[in-house]
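S.K.: Pasting in a structure now, in structure tokens, and then I'll have a few things to ask.
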Amino acid sequence: MTALGPTEAAAFLYREALLLDRLDFDPWLALYTNDCVFWMPAWRDDGTQTEDPDSELSLIYYRGRRNLEDRVKRIRSGFSVASNEMPRVAHMIGNVLSEQVDDATIRLDSSFIVNVQHVRINRTHAYFGRYEHDLRLIDGEWKIARKVIRLMNDVVPTMLDVYGI
Amino acid sequence: MKPFILRDLVDDRPMDGVFRVNRALFRDPALFELEMKHVFEGGWVFVGLSTQAERPHDYFTGFIGRVPIIVSRNGDNTLQCFVNACPHKGVRLVRKLCGNARRHTCPYHGWTFDSAGANRNIKWQKSGCYSEAFDAENHDLAAVARFGEYRGFLFASLNADVPSLEDHLGEARKLLDLLADKSPDGLELVPGRVCFTYEANWKMQLENCADQYHFTSTHPSYIRILEQRASEETREVVRSSIGAADFWQETAQGVSGGTMTFDHGHVLNWGVMPVSSANADFERAEQLARAFGEARRNWMFNMRNLTVFPNMQIAENASSQLRVIRPLAPDLTEMQTWCIAPRNESAEARTFRIRQYEDFFNPTGMATPDDTVCYEEAQLGMAEQERPWLQGHARGLMASVEGGNSYADMIDLKPVRSVVADAQLCDESLFAGYYRAWATRMAEVLA
């Protein structure tokens, strides 16, 4: 598979969302390149987000899938009280726009809502914002080389982990 | 008639080896209202850093207790702090978190104020048929009763009847010095504010910052990640300053740190950390030793969790964090957090500091969620019950001594009480410092 039309591009995002909804982390991690960037910027003030992760704070910033693997390890460890009673989550993705940058790169913009039900305390929260995915063609497969999560409601109630965004 | 009796709430009998806190302090709505009035609106609280409003007409907004405030630098370069409410109808004058403006106009009826808080226009005043009595009133923004700065840290009080800021901070000033002296150019907040809430009482956060006891039992998932990262040494993962220290490890030998309590409720929990390249300040290690001597420099690298009662905490452990605690309800607290850093450190050191920060301190990271979830679980257990007294303030009582110790002496610190600890002592007796200051601020309503 090389070409990725708008329909297939959207389906790629839906598949990632489904894996997170199922808390099926191994195939989720496999969607990412080894050197992927996974970035959720913080807000600088009322209206602007941090832009340079090296000199400004992010909510999450990783360079390298290895770091996402650490997150998953912690979630599964049995030693994190915040992760022992796993929340139920459902991602809704819309407004998908795709742009073929070159033969091996596609840029996707989309909107998300993630409903998270914290079973522990029977509390639901809806996170929402925009995604930017850069997909790269590696050995015939499209992988996520860069994902930016622009979280709009950034006042986090208690906690937020990678499956809730 | 005072509504509460102190001994029903805080059982403070040092001669009997007893210090206990009643669960009501974490739950009671009437007590919460009184806390807001007397603890937060009745004395000094931290409001921000001077570098948050650096140029003339810069401002930032916030709250003292329930009262909205604005900290504004006027045209003469002086910082002032006002109640952020129009005297006309009480409308919050400035809604933005921060910005720069010479004039602030109320969105409701258009009254206008300058950056020094002076009223510059009352819309259609001449045709308003106001009485002389009205004209004689002060129409400027209300300045808070007390406002002061220490090394760039800004504090304010809505109550004029408080000690001087110098007295209030007391020995804690020396701990702010340790932080501020890391750079000749002072401190700044790294752009990017992270805000979160948790559904539990504000004192859970107050205590947790000084609670060494929880670290290995609340954060084993994070500790395992650190251990794994340390053994692999790949370039993709960030080195940890905590991982490079052993003050928290069961197997550590000798003195690993301790606690100190100061007047007015300020407390320090500290741990020995090596002067190592796992700390973002390492690039200045030699320079700092030359400027301040080795002992003082070594203290700059120690783990230091400082609380300036009642609402400011600076955690220097995995990275460097400024936290501001804002109680919203007996069982709801807002936390505003920033990475606080020495100005003009190298770009590499800054990036390193930020990376260390995010994984540990953020509510989207790998440690703080395990704390805040525990706070919420604790809040459930604060319900009224047969045995109201908590057993969480008793460790270390028999190790606590009056005054300081040789470690405090190194930086001329003179605490009221202190504990020198091995890795497993994990003193809780320092929390008494919080509750004694709490009782002092609440004295008017406690019999």
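S.K.: Can you tell me how many residues in segment A:140-160 are part of a strand (DSSP E or B) and over 30 Å from residue A:105 (Cβ atoms)?
M.R.: Selection size over segment A:140-160: 2.
S.K.: May I pose another question? Listed residues B:400, B:418, B:406, B:429; which is touching a Leu at 6+ places or on another chain (Cβ under 7 Å) and either assigned by TED's automatic domain parsing to the domain that holds residue B:299 or touching a residue at least 40 places away in the same chain (Cβ under 8 Å) (or both)? Explain how you work it out, then say what you get.
M.R.: Working: B:400 fails: touching a Leu at 6+ places or on another chain (Cβ under 7 Å); B:418 fails: touching a Leu at 6+ places or on another chain (Cβ under 7 Å); B:406 fails: touching a Leu at 6+ places or on another chain (Cβ under 7 Å).
Every option except B:429 fails the conditions.
S.K.: Somewhere in segment B:102-123, is a residue touching a residue at least 60 places away in the same chain (Cβ under 8 Å) and surrounded by 12 or more Cβ atoms within 10 Å (Cβ to Cβ)?
M.R.: First pass over segment B:102-123, keeping only residues touching a residue at least 60 places away in the same chain (Cβ under 8 Å): none.
No, there is no match, as no residue in segment B:102-123 is touching a residue at least 60 places away in the same chain (Cβ under 8 Å) and surrounded by 12 or more Cβ atoms within 10 Å (Cβ to Cβ).
S.K.: Test residue B:188 against the stated conditions and say whether it is closer than 30 Å to residue A:159 by Cβ, touching an Asp or Glu at 6+ places or on another chain (Cβ under 7 Å) and of a type in the set (Asp, Glu). Lay out the reasoning, then the answer.
M.R.: Values: closer than 30 Å to residue A:159 by Cβ: yes; touching an Asp or Glu at 6+ places or on another chain (Cβ under 7 Å): no; of a type in the set (Asp, Glu): yes.
For residue B:188, the condition - closer than 30 Å to residue A:159 by Cβ, touching an Asp or Glu at 6+ places or on another chain (Cβ under 7 Å) and of a type in the set (Asp, Glu) - is not met.
S.K.: Restrict the check to segment A:137-146 and report whether at least one residue is within 11 Å of chain B (Cβ to nearest Cβ) and more than 21 Å from residue B:368 (Cβ to Cβ).
M.R.: Just the residues of segment A:137-146 that are within 11 Å of chain B (Cβ to nearest Cβ), to begin with: none.
No, the conditions are met nowhere in segment A:137-146.
S.K.: Also, I was wondering about something else. Please find, within segment A:42-75, the residue that is surrounded by the fewest Cβ atoms within 10 Å (Cβ to Cβ) out of those that are among the hydrophobic types (A, V, I, L, M, F, W, C) and facing chain B (nearest Cβ under 7 Å). Full working, then the answer.
M.R.: Pass one, segment A:42-75, residues among the hydrophobic types (A, V, I, L, M, F, W, C): A:42-43, A:57, A:59-60, A:68, A:72, A:75.
Applying the additional criterion that residues be facing chain B (nearest Cβ under 7 Å) yields A:42-43, A:57, A:59-60.
Numbers: A:42: 27, A:43: 22, A:57: 26, A:59: 24, A:60: 24.
The selected residue is A:43.
S.K.: For segment B:351-364, give me each residue that is assigned to a helix (DSSP H, G or I) and surrounded by 20 or more Cβ atoms within 10 Å (Cβ to Cβ).
M.R.: In the first step, residues of segment B:351-364 are kept if they are assigned to a helix (DSSP H, G or I); the result is B:351-361.
Matches in segment B:351-364: B:352, B:353, B:354, B:355, B:356, B:357, B:358, B:359, B:360, B:361.
S.K.: Tell me whether segment B:261-284 contains one or more residues that are in the same structural domain as residue B:352 (by TED's automatic domain parsing), more than 29 Å from residue B:430 (Cα to Cα) and touching a helix residue (DSSP H, G or I) at 6+ places or on another chain (Cβ under 7 Å).
M.R.: Keep residues of segment B:261-284 that are in the same structural domain as residue B:352 (by TED's automatic domain parsing), which gives B:261-284.
From what is left, the residues that are more than 29 Å from residue B:430 (Cα to Cα) are B:277, B:282-284.
If we keep only those that are touching a helix residue (DSSP H, G or I) at 6+ places or on another chain (Cβ under 7 Å) too, we end up with B:283.
Yes - at least one qualifying residue is present in segment B:261-284.
S.K.: Consider residue B:232 against the criteria (1) surrounded by fewer than 23 Cβ atoms within 10 Å (Cβ to Cβ); (2) away from chain A (no Cβ under 14 Å): it satisfies all of them except one. Which criterion is unmet?
M.R.: Among (1) surrounded by fewer than 23 Cβ atoms within 10 Å (Cβ to Cβ); (2) away from chain A (no Cβ under 14 Å), residue B:232 violates only (2).
S.K.: For residue A:53, all conditions in the list (1) under 18 Å from the mean Cα position of the chain (by Cα); (2) not in a loop (DSSP other than H, G, I, E, B) hold save one; what is the number of the exception?
M.R.: All conditions are met except number (2).
S.K.: Please state which of the following conditions residue B:191 fails to meet, knowing it meets all the rest: (1) touching a Gly at 6+ places or on another chain (Cβ under 9 Å); (2) without any contact (Cβ under 8 Å) to a residue 24 or more places away in the chain; (3) within 18 Å of residue B:319 (Cα to Cα); (4) assigned to a loop (DSSP other than H, G, I, E, B).
M.R.: (1)
S.K.: Would you say residue B:115 is of a type in the set (Ser, Thr, Tyr), away from every other protein chain (no Cβ under 14 Å) and touching a Cys at 6+ places or on another chain (Cβ under 9 Å)? If you could, list the steps in order and put the result at the bottom.
M.R.: Details: of a type in the set (Ser, Thr, Tyr): yes; away from every other protein chain (no Cβ under 14 Å): yes; touching a Cys at 6+ places or on another chain (Cβ under 9 Å): no.
Considered against the rule, which asks whether it is of a type in the set (Ser, Thr, Tyr), away from every other protein chain (no Cβ under 14 Å) and touching a Cys at 6+ places or on another chain (Cβ under 9 Å), residue B:115 comes out as no.
S.K.: Any residue that is within 14 Å of another protein chain (Cβ to nearest Cβ) and among the hydroxyl-bearing types (Ser, Thr, Tyr) - is there at least one of those in segment A:5-22? Outline the logic, then answer.
M.R.: Start the filter on segment A:5-22 by keeping residues that are within 14 Å of another protein chain (Cβ to nearest Cβ), which leaves none.
No, there is no match, as no residue in segment A:5-22 is within 14 Å of another protein chain (Cβ to nearest Cβ) and among the hydroxyl-bearing types (Ser, Thr, Tyr).
S.K.: While we're here: If you scan segment A:76-85, which residues turn out to be more than 7 Å from every other protein chain (Cβ to nearest Cβ), modelled with pLDDT of 95 or more and not in a helix (DSSP H, G or I)?
M.R.: Result: A:78, single match.
The values are calculated or read from the model by the stated rules, or taken from the named source; none is laboratory data. As the structure is a computational prediction, the values presented were derived from the model and not from experiment. Glycine also receives a Cβ, built like all others from the backbone with ideal geometry; neighbour counts cover every protein chain displayed.
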